[in-house]
Amino acid sequence: MKKEKTKFVCASCGYESIRWLGKCPECESWNTFSEEVVVKQEAKGKQGYSGPLNISKLHKIESSSVSRFSSGIQELDRTLGGGFVPGSVILLGGEPGIGKSTILLQSLALLKKPSLYVTGEESLQQIKMRAERLGIASDLITILAETDLNKILSAINDTEPTLFVIDSIQTVHNPELMSSPGTVSQIRESAYALMENAKTTGRTAVIIGHVTKEGSLAGPKILEHMVDTVLQFEGDGNNLFRIIRAIKNRFGSSNEIGVFEMQGSGLKEVPNPSGVFLNEDKTVNSGSCITAVFEGTRAILTEVQALVVPSYFGNPSRITSGFDQRKLSILLAVLEKRAKINLSNKNVFINVSGGMRIDEPASDLPICLSIISSSREKTLPPGIIVIGEVGLGGEIRGVPQIIARLKEAEKLGFISAIIPKANFPETKGKTGMKIKAVSSIEEAVNTF
Ligand code: TYD
Ligand code: MG
């Protein structure tokens, strides 16, 4: 008998190899290779295709506006770009226990359209218990506890839902494939079949995907490329706030966020989130700095905190929560070189309050000033917000939407702001706040 050919595929990036490898040469992750059987296609006699092709001149294609239907949850609609698009596929990623199943069940209850919820992780009773807790009694929701791809597809075709949810893609498997559920080929094939179903019938598919410890969606990156929209559920388990962030959206803006609070009876929307990430008592500690980050179409005030303490070992720690660690190293290098502040014998910890994650360049300067504030044990003046991008030369660069940020801060009772000099002209006559405009990190550091 002819031996079947096999290949080895990296679960994290999809790199293929003819033999097993301990470490992936592509993405450098360890122990991610699993074996897959290669099914060889019959060799075709001639190349090309002689049937009709679906090609048109660009100017002859009729434009159509995207019709959408509301998810029933405004903050979710916002991240989707205005609601679910028929025939589109949405990938919802997030850590276990963050609230993926909860938000989707809540949405299905408000949808007023027939829906199918396929669960491969929980039993029907568990779903029922959650629904009772959420006070859901919709007769339009059908639940299926199944992991076999073919049975799921038949159930979708039988029940004809407007929207179906797959919870989660890692549990779905196609028995015709040799590999076990959760492997690259299973995830890819299952997602492809479900996508095909959504695209050809105009149903909306929401696929839940787990994330790995490092925060990327488990399974191949290819899943993110295949779907129309990738939503990421963020927030830490200890905090009640949850954020849904659109990291890819073919039908809308990709930087919108939706803010929720986890309560005893499910996720509750926070329609006006600008102040929720701030400390409730307005006392300012050293190391604390308030900034206004711009998320999608809204400015949100956020507190960044730094703790700078002596390090007694060779390698000082640089630990961050809600902020990129490499970015912190860069900012520390800029502080050392351009503002002559040496922190090489200090541990630096950064925390963004409320489980918020910031990656906007405008938060560079607040991070730097919170570090200075902690290392000097000197608080920033009360009622101040700080905004600005820090370049490698120590220059402070202008940021977009400065007026919207200042307005939001003013609304919440802030009285002064440190902003980039480049933004200063546009603020004239537009804000009642006291403005200090800075052009270099050195200048900013010497403001307090
Ligand atoms: P869940 O939606 O099951 O998370 P995921 O599907 O992302 O794994 O949410 C689970 C957590 O949410 C669990 O720790 C309990 C909590 N929770 C509430 O606090 N209130 C609620 O009403 C519900 C349904 C869950
Ligand atoms: Mg779940």
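In percent, how large is the relative contact order of the stretch 68-271, given Cα pairs closer than 8 Å and 6 or more residues apart? Write out the running numbers ahead of the final one.
Working: 444 pairs, mean separation 61.3, N = 204.
Relative contact order here is 30 percent.
Roughly what angle does helix 149-159 make with the longest principal axis of the chain, taking Cα atoms, 0 to 90 degrees, to the nearest 10?
Here the helix axis deviates by roughly 90 degrees.
Among Asn423, Gln325, Ser288, flag the residue with its Cα farthest along the positive direction of the charge dipole of the stretch 276-445, charges on Cβ as +1 for Lys/Arg and -1 for Asp/Glu.
Toward the positive end, the furthest listed residue is Asn423.
Suppose the Debye formula is applied to equal point scatterers at every Cα of the stretch 68-271; what is log10 I(q)/I(0) at q = 0.12, 0.15 Å⁻¹?
-0.54, -0.88
Treating only the Cβ of Lys, Arg, Asp and Glu as charged (+1, +1, -1, -1), what charge dipole size does the chain show about its Cα centre? Round to the nearest 20 debye.
The dipole magnitude comes to about 1040 debye.
Roughly how tilted is helix 124-134, in degrees to the nearest 10 and between 0 and 90, from the longest Cα axis of the chain?
The two axes meet at around 40 degrees.
What does DSSP give for the stretch 68-271 in terms of the percent of beta bridges that are antiparallel, rounded to the nearest 5?
The antiparallel fraction comes to roughly 40 percent.
To the nearest 20 debye, what is the magnitude of the charge dipole of the stretch 297-448 about its Cα centre, counting +1 on the Cβ of each Lys and Arg and -1 on the Cβ of each Asp and Glu?
Using only the charged Cβ atoms, the result is roughly 160 debye.
Rounded to the nearest Å, what's the spacing between the alpha carbon centres of the stretch 68-115 and the stretch 271-326? Just the number, please.
Taking the Cα centre of the stretch 271-326 as reference, the centre of the stretch 68-115 is 30 Å away.
In square nanometres, what is the average projected area of the Cα convex hull of the chain?
Working: hull surface 114.6 nm².
Result: a mean projected hull area of 28.6 nm².
Past the 22 Å Cα-Cα mark, which pairs from Lys407/Lys436; Lys7/Lys100; Lys327/Lys428; Lys100/Lys268? Present the calculation step by step, with values, prior to reporting the outcome.
Working: Lys407/Lys436 16 Å; Lys7/Lys100 34 Å; Lys327/Lys428 32 Å; Lys100/Lys268 13 Å.
Among Lys407/Lys436; Lys7/Lys100; Lys327/Lys428; Lys100/Lys268, the Cα-Cα distance tops 22 Å for Lys7/Lys100; Lys327/Lys428.
Counting only helical runs of four or more DSSP H residues, what would the 222 nm mean residue ellipticity of the chain come to if each run contributes -39,500 (n - 2.57) and the total is spread over all its residues?
Dividing the helical sum by the residues of the chain leaves -7000 deg cm²/dmol.
Find the relative contact order for the chain and round it to a whole percent, using C-alpha pairs within less than 8 Å whose residues are 6+ positions apart.
Details: 937 pairs, mean separation 54.9, N = 448.
The value is 12 percent.
So what's the angle, to the nearest 10 degrees on a 0 to 90 scale, between helix 184-201 and the longest Cα principal axis of the chain?
80 degrees
Please tell me the relative contact order of the stretch 276-445 in percent, rounded to the nearest whole number, where contacts are Cα pairs under 8 Å and at least six residues apart.
26 percent
Projecting each Cα onto the charge dipole of the chain (Lys/Arg +1, Asp/Glu -1 at the beta carbon, about the Cα centre), which of Val348, Pro114, Leu144 comes out farthest on the positive side?
Among Val348, Pro114, Leu144, the one farthest towards the positive end of the dipole of the chain is Val348.
Quick note: the coordinates plus some simple rules give every number you see, no bench work behind them. Everything quoted here is computed from the prediction, not taken from an experiment. Using ideal geometry, Cβ is built from the backbone for each residue, glycine included, and neighbour counts are taken over all protein chains shown.
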